[in-house]
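Let me begin by presenting the structure, written as structure tokens, before commenting on it.
The values are calculated or read from the model by the stated rules, or taken from the named source; none is laboratory data. Worth saying up front: this structure is predicted, and the values here are computed from it rather than measured. Neighbour counts run over all protein chains shown; Cβ positions are idealised from the backbone, glycine included.
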Ligand code: T4K
């Protein structure tokens, strides 16, 4: 007998919630000796040996000259935008996590939001060009859900106007653009190693750049603006350092990241196949130039053909024990922080508003089993099959 959705009296698809993500971490035994060493010597932070080793290995893995480890991507974005050397407007998408814009504000910059492309949800290069003026100090692309931005097009806009191009690559560790790993594009890129990311260390991140002077400034800014061991400071820096414990996890993650990207790509492929005939669900387009790490697996929910709107699908999944998330709703220009600041949104953002009102990210993580994926997909199919009754229940006061 076909299973009924919970709202129609059925039992939940998952007794224990299938969360949006589950960090896959190394065994404690893999780091315990080095952790014990760190604890015995008392060197827990301040550019310790494991952080330095991680920086060296990250630079090699990402194929970039400098990798500056930081305490999280937000502080990485702040010091990067501070290092730009002058204040003004940073053009960025509104369809991103709050940290992207908040970091600009913390760095003394003003975010200015540009619309996104309707298929990949990354920033639209032609929308960026329309926003450039004499106050523009940088263009910030965000590799949404691990899918690369249109980097070449953005770079030519940046070059035409002599403005640095930087990337919020929080989602994109292990992703590729035209056969090259994300990490060496633009003036600099910033990755997140948060617990919820494909490369989880707890709290952590890295800023990557080919530019010697920028790397030097970032080293100063992440450690109070002074050289290690000296009392004098040369810049008003902050504390953006990574700890040894997090670096140790990162060193182990590097050994398995390529496998994790492969597994996520394969499980995401299965999920997309299983849901391809469900009307009203559209996946993020994967462009031929991009290889995504599938940090997130999103669907756009079209109410008229799916039968329920995004919020009703979200609520129905919750009842099934499936923890989807509305990344990124509301879009940043609709957050209370920015909606009273019209200077942040000089041009309407129709694509952003449509995508953010329909987007839903489904659970995905590097060791998700096929069984879990199948159960999730069959719950979604069930919900669609009973959409009209579910809709009546949700909409009847
Ligand atoms: N730029 C972009 C585009 C970003 O998406 C982000 C962060 C940043 C910049 C800034 O990066 P960081 O400064 O964080 O390095 C999460 C993350 O906190 C945040 O890092 C992430 N993006 C954002 C999209 O999502 P929440 O509030 O959704 O996370 P939370 O606590 O609800 O956790 C989500 C799920 O993960 C839960 O179901 C449980 C699981 N989880 C969570 C944590 C914290 C774990 O299994 N273990 C954990 O330790 O923000």
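Run residue 75 past the list (1) touching a strand residue (DSSP E or B) at 6+ places or on another chain (Cβ under 7 Å); (2) near the ligand (Cβ under 10 Å from one of its atoms); (3) part of a helix (DSSP H, G or I) and report the number of the one that doesn't hold.
(1)
Within segment 198-212, work out how many residues are farther than 18 Å from residue 167 by Cα and surrounded by fewer than 21 Cβ atoms within 10 Å (Cβ to Cβ).
2
Any chance segment 79-99 includes a residue that's away from the ligand (no atom under 16 Å from the Cβ), free of Cβ contacts under 8 Å to residues at least 40 places away in the same chain and either more than 30 Å from residue 35 (Cα to Cα) or assigned to a strand (DSSP E or B) (or both)?
Yes, some residue in segment 79-99 is away from the ligand (no atom under 16 Å from the Cβ), free of Cβ contacts under 8 Å to residues at least 40 places away in the same chain and either more than 30 Å from residue 35 (Cα to Cα) or assigned to a strand (DSSP E or B) (or both).
Count, please, the residues in segment 1-41 that happen to be surrounded by 15 or more Cβ atoms within 10 Å (Cβ to Cβ) and within 26 Å of the chain's Cα centre (by Cα).
9
Hey, residue 267 hits all of (1) away from the ligand (no atom under 16 Å from the Cβ); (2) farther than 15 Å from residue 21 by Cβ; (3) touching a residue at least 40 places away in the same chain (Cβ under 8 Å) but one; which does it fall short on?
If we test residue 267 against (1) away from the ligand (no atom under 16 Å from the Cβ); (2) farther than 15 Å from residue 21 by Cβ; (3) touching a residue at least 40 places away in the same chain (Cβ under 8 Å), just (2) comes out false.
Of everything in segment 89-108, what is buried (at least 24 other Cβ atoms within 10 Å of the Cβ) and more than 18 Å from the chain's Cα centre (by Cα)? Give them in sequence order.
Within segment 89-108, just 90 meets the criteria.
So which residues in segment 71-88 are closer than 23 Å to residue 342 by Cβ and surrounded by 23 or more Cβ atoms within 10 Å (Cβ to Cβ), if there are any at all?
Within segment 71-88, 81 is the sole residue that qualifies.
Does residue 127 satisfy being in contact (Cβ under 8 Å) with a residue 60 or more places away in the chain, more than 10 Å from the ligand (Cβ to nearest atom), assigned to a helix (DSSP H, G or I) and under 25 Å from residue 359 (Cα atoms)?
Judged against the criteria, residue 127 is a match.
Can you tell me which residue within segment 359-372, out of those that are farther than 17 Å from residue 282 by Cα and buried (at least 21 other Cβ atoms within 10 Å of the Cβ), is modelled with the lowest pLDDT?
366
Which of the residues spanning segment 105-116 are closer than 21 Å to residue 148 by Cβ and within 16 Å of the ligand (Cβ to nearest atom)?
113, 114, 116, listed by residue number.
For the subset of segment 17-38 comprising residues that are within 12 Å of the ligand (Cβ to nearest atom) and in a loop (DSSP other than H, G, I, E, B), which member is farthest from residue 391 (Cα to Cα)?
Checking each candidate, the answer is 25.
Would you tally the residues in segment 187-203 being part of a loop (DSSP other than H, G, I, E, B) and within 15 Å of the ligand (Cβ to nearest atom)?
Counting residues in segment 187-203 that are part of a loop (DSSP other than H, G, I, E, B) and within 15 Å of the ligand (Cβ to nearest atom) gives 9.
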